[in-house]
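The values are calculated or read from the model by the stated rules, or taken from the named source; none is laboratory data. All values reported here derive from a predicted model rather than from experimental measurement. Don't worry about glycine lacking a Cβ; one is built from the backbone with ideal geometry, like all the others, and counts go over all protein chains shown.
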């Protein structure tokens, strides 16, 4: 390892559970850092890590312990912490043991009385986490930062079981306003905040089924968040689920040997439950059964795998499917199953694979907009190489269409596996086991039957689960009639030009169409390839329709947007906004604009004629001036590229035309991305002055 690698390394020490931070005692004299941070969970702290803190105090080293106080031992299933004490007592204990300073950051600081804490202990809202870290690292000796919030995954489970009061506020993202910048993922680190590909690029949505109602995603600078206050006393309207068709049994013969099933999915979606239901079904069918669950250490959306072996009479006592011996691969998450170590359980000569192509992002995909989900074709090709047959469909989307949530998606896949010949357990036994499990029995049985229909009656399944295209307000753009472009470029322009009329006016749309047409004609003189004009059609629109106050107000209050939200969650709609004009006053916080404010936002939207004029009250802001400069620069850039276009310069022209994709987000997030855009242009020898 080189000196630079050592300096950049994020690994500062390895120690056993309970010894967290104690390695710094030996490292500190030889480190130029002078201070380090150490994470430790409250379960580990009460078990033994409190002794490591005492050792660091005795050694006099400079270290800040970041103690996650989440009320449960999350790692092994949310058990009660042994030896725990209340928060105030904990701070007294640490101060009495010689800790120099303590800051408690909590999601709900009002739960505590400051008088119960020792003098000098600071109680802040969790929004000030970074400030707390910066403060404590400057204090000599041992300091402790306590992050206090009940485990979000456990809270979701408790609310689902009726043991914890449900939260009545749901958060929905207006995709038209969303820029897909990933800031909400950075703020929340939550895998319910999911990227989704749309006609206008990558956006973000919140999976309502898995949402922990933590609300940290709202803290980003994006104005796309809409809060819906539901009525806890109102009875939920029962969703009408279509009756699944009767289908013929696949006709399994008598099972004469041990059968192995390997399942791969993600934590928090019920993979363990599926394995237990299938194991129970096999027992009820008279088979001998062995099973094993390998879970993701309480990590929501972490990889989870399960093994199930069953056969006639007593089977050999092994609860694992050995590599190369699986008769069936069930991929509840395609990305997880496609990992090499998981595909190793398959055999191309005997294994049947049934997988869901639903895209659930990994952690890095949530907070890094540049990381894309791998292509389905690539992942399916990997699975196909480890199986003799492969059946795939989007189980999450089908479940959401059928049941209004994604909770039953797994049993859709189980039904498909049964009907496809991959699961030789009687259907009656599987449905009986679903009943024994006792959770959402009717929905899961219906999902199992609809899963069977996806194989036996695919046309009817597609008809019921297909998504209808929402009606779009038709806006005529005369400039399109005069344009000469066709093919994909025309499709892109015909979708975007009407939106520019709604954004500003016909003149704006005409300028867009005329620029795209010029690029198209210059391109056609050189090549039949249309990637350059396609990129211009996409990103000229993006830079033209920048989301200032007028446009955000229009998109938030558009009838289609509000109707779409009401279709997802019923309740009073409020907007979470942080208007730049109030930036100094709000200090990063957001204001809530309730139903009574909608009229004012609609009025603001009608004032778009002021955009860019001397009377525009928002137009002098640095971000707005930058947005206008970006558009002018890009328009001039693509015209100059088109004028000099040759076969040799074509690839560079396409690359430069696509660069504005990185300009995403709002305010500070956007300005950071503009700086990255400037650097990317500079690397190509182009100066951007804004």
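Computed quantities for the displayed model
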| item | result |
| --- | --- |
| Flag if residue 185 is in contact (Cβ under 8 Å) with a residue 60 or more places away in the chain and at positive phi | no |
| Selection from region 397-411 of residues that are surrounded by 24 or more Cβ atoms within 10 Å (Cβ to Cβ) and over 21 Å from residue 326 (Cα atoms) | 398, 399, 408, 409 |
| Leading residue by the ranking (modelled with the lowest pLDDT) among those in region 358-401 that are in a helix (DSSP H, G or I) and under 15 Å from the mean Cα position of the chain (by Cα) | 367 |
| Residue among 613, 626 that is under 20 Å from residue 548 (Cα atoms) and exposed (fewer than 13 other Cβ atoms within 10 Å of the Cβ) | 613 |
| Matching strands (runs of 3 or more DSSP E) fully within region 82-198 where at least 3 residues are touching a strand residue (DSSP E or B) at 6+ places or on another chain (Cβ under 6 Å) and under 29 Å from residue 664 (Cβ atoms) | 169-173, 193-198 |
| Index of the failed condition, residue 603 passing every other in (1) free of Cβ contacts under 8 Å to residues at least 40 places away in the same chain; (2) closer than 25 Å to residue 522 by Cα | (2) |
| Unique residue being surrounded by 14 or more Cβ atoms within 10 Å (Cβ to Cβ) and touching a strand residue (DSSP E or B) at 6+ places or on another chain (Cβ under 7 Å) when the list is 608, 576, 670 | 576 |
| Top-ranked residue in region 381-396 [being touching a strand residue (DSSP E or B) at 6+ places or on another chain (Cβ under 6 Å) and touching a residue at least 40 places away in the same chain (Cβ under 8 Å); ranked as surrounded by the most Cβ atoms within 10 Å (Cβ to Cβ)] | 395 |
| Test: residue 180 is under 24 Å from the mean Cα position of the chain (by Cα) and closer than 21 Å to residue 589 by Cβ | no |
| So residue 250, is it surrounded by fewer than 19 Cβ atoms within 10 Å (Cβ to Cβ), farther than 30 Å from residue 211 by Cα and out of contact with any strand residue (DSSP E or B) (no Cβ under 9 Å at 6 or more places or on another chain) | yes |
| Residue selected from region 24-49 under the condition under 18 Å from residue 143 (Cβ atoms) and without any contact (Cβ under 8 Å) to a residue 24 or more places away in the chain, by the criterion surrounded by the most Cβ atoms within 10 Å (Cβ to Cβ) | 45 |
| Residue within region 327-337 that is in the same structural domain as residue 431 (by TED's automatic domain parsing), assigned to a loop (DSSP other than H, G, I, E, B) and touching a helix residue (DSSP H, G or I) at 6+ places or on another chain (Cβ under 8 Å) present | yes |
| Answer residue from region 636-658, given it is in contact (Cβ under 8 Å) with a residue 12 or more places away in the chain and surrounded by fewer than 17 Cβ atoms within 10 Å (Cβ to Cβ) and is nearest to the chain's Cα centre (by Cα) among those | 658 |
| Residue that is farther than 26 Å from residue 519 by Cα and in the same structural domain as residue 518 (by TED's automatic domain parsing), where the choices are 672, 589 | 672 |
| Selected residue [under 29 Å from the mean Cα position of the chain (by Cα) and buried (at least 22 other Cβ atoms within 10 Å of the Cβ)] from 90, 67 | 67 |
| Test: residue 120 is surrounded by 15 or more Cβ atoms within 10 Å (Cβ to Cβ), on the phi > 0 side of the Ramachandran plot and either assigned by TED's automatic domain parsing to the domain that holds residue 25 or modelled with pLDDT of 95 or more (or both) | no |
| Exclusive hit being surrounded by fewer than 21 Cβ atoms within 10 Å (Cβ to Cβ) and more than 30 Å from residue 326 (Cβ to Cβ), set 493, 482, 428 | 482 |
| Those residues of region 122-135 which are over 24 Å from the mean Cα position of the chain (by Cα), more than 14 Å from residue 148 (Cα to Cα) and free of Cβ contacts under 8 Å to residues at least 60 places away in the same chain, in sequence order | 131, 134, 135 |
| From the options 274, 355, residue that is in a strand (DSSP E or B) and surrounded by 17 or more Cβ atoms within 10 Å (Cβ to Cβ) | 355 |
